[in-house]
Amino acid sequence: MTDVRIFKPSKTAMQSGRGNVKRWVLEFEPGGPKQTDPLMGWIGSSDTLGQVRLKFDSKEEAVAFAKKNDLSARVQDPKKRRIRPKNYSDNFSFHRTF
């Protein structure tokens, strides 16, 4: 039985948009260690499932796919996004802490 991880990816640090965080991702766990090529020094692996990332619209679809294909799935629920309210006037507040 192959191990997979189902998760919702986090927002990239390079962009402020949240476009890529709406879908769930099914990713295969590494099957073996990576080896270093002695001639070039590149790191590689014979495990081709490490390159596969499947995207689903919902968590239930991803779990159903894993069950249908006899994969043992580990689901990681996303953390709750905490939004702190900010005001422009707080930049000039007398009690501002740095």
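Values quoted throughout were computed directly from the atomic coordinates according to the rules given, and no laboratory measurement underlies them. Keep in mind that what you see is a predicted model, and the values were worked out from it rather than measured. Cβ atoms come from the backbone with ideal geometry, glycine included; neighbour counts cover every protein chain shown.
Report whether or not Lys59 is in contact with a strand residue (DSSP E or B) (Cβ under 8 Å, 6 or more places away or on another chain) and either in contact (Cβ under 8 Å) with a residue 40 or more places away in the chain or of a type outside the set (Val, Ile, Thr) (or both).
The answer is yes for Lys59.
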Look through region 68-98, keep the residues that are more than 18 Å from the chain's Cα centre (by Cα) and of a type in the set (Lys, Arg), and return whichever of them is farthest from Val25 (Cα to Cα).
Arg96
Please tell me if Phe65 is aromatic (Phe, Trp, Tyr), over 29 Å from Ile83 (Cα atoms) and more than 12 Å from the chain's Cα centre (by Cα).
yes
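Could you check, for region 15-27, whether at least one of its residues is aromatic (Phe, Trp, Tyr) and in contact (Cβ under 8 Å) with a residue 40 or more places away in the chain?
Filtering region 15-27 down to residues aromatic (Phe, Trp, Tyr) leaves 24.
With in contact (Cβ under 8 Å) with a residue 40 or more places away in the chain added as a condition, the list becomes none.
Scanning region 15-27, I find no residue that is aromatic (Phe, Trp, Tyr) and in contact (Cβ under 8 Å) with a residue 40 or more places away in the chain, so the answer is no.
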